[in-house]
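Everything on this sheet refers to the single structure shown next.
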């Protein structure tokens, strides 16, 4: 887990800052990974990482820029959603990340849960019913289902 990158009173303070320094815990984390733990690589998962947003130049990083100082010589493998290319580019440009992209699952119709599905079917039956007694029975069933589902009647 990457440490928070701001300060207690302002956790977003360093986000895209041109100056300043990360707090000692953040800097120590990457130093520990490379020098003490002797990690072979860093694997970042997700988006909105903090290291690539540390103070420093936006392009052509140098040893004076915090992303460069923090990652050191560690290979940075970043598993990044393909639907966020702008932030993936920032991770590549500012933290030397090698992106492994993945597609997000397709969006599907979630449908209705049981109670609402039943209510939908009752309303459809009511709309297509021609017999007065059947419509009255369906209307009462709709009212009962509405009450069971704690749905309010709109007066609009």
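What follows draws every value from the coordinates through simple rules; no lab data is involved. Since we're looking at a predicted model, the values are computed, not measured. Note that each Cβ is placed from the backbone with ideal geometry, even for glycine, and that neighbours are counted across all protein chains shown.
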Inter-label distance, nm, simple model (7 Å from Cα along the C-beta direction), residue 146/residue 123
1.0
May I ask you to derive the relative contact order of the chain, considering only C-alpha pairs under 8 Å and at least 6 residues apart, and to give it as an integer percent?
16
Structure-based [θ]222 nm, the chain - -39500 (n - 2.57) summed over DSSP H runs of at least 4, per residue, nearest 500:
-11000 deg cm²/dmol
Rounded tilt (10° steps) of 114-128 against the dominant C-alpha axis of the chain
40
Potential extension, residue 34-residue 103 segment - 0.36 nm per residue separation minus Cα distance:
21.8 nm
Candidates (1) 14.9, 44; (2) 14.1, 39; (3) 27.6, 83; which is the computed Rg and Dmax of the Cα atoms in Å?
(3)
Counting all C-alpha pairs of region 24-102, share separated by more than 17 Å (%):
41
Centre separation in Å (Cα based) which lies between region 17-69 and region 120-156:
60
Among 35, 92, what is the fewest-to-most ranking by other Cβ atoms within 10 Å?
35, 92
Under 17 Å from a point placed 7 Å out from the Cα of residue 154 along the Cα-to-Cβ direction: which residues of region 92-124 have their backbone N that close?
120, 123-124
State the extension gain, in nm to one decimal, for the chain segment bounded by residue 58 and residue 132, taking 0.36 nm per residue of separation less the distance between their alpha-carbons.
19.4 nm
Antiparallel %, DSSP beta bridges [both residues in the chain], to 5:
10
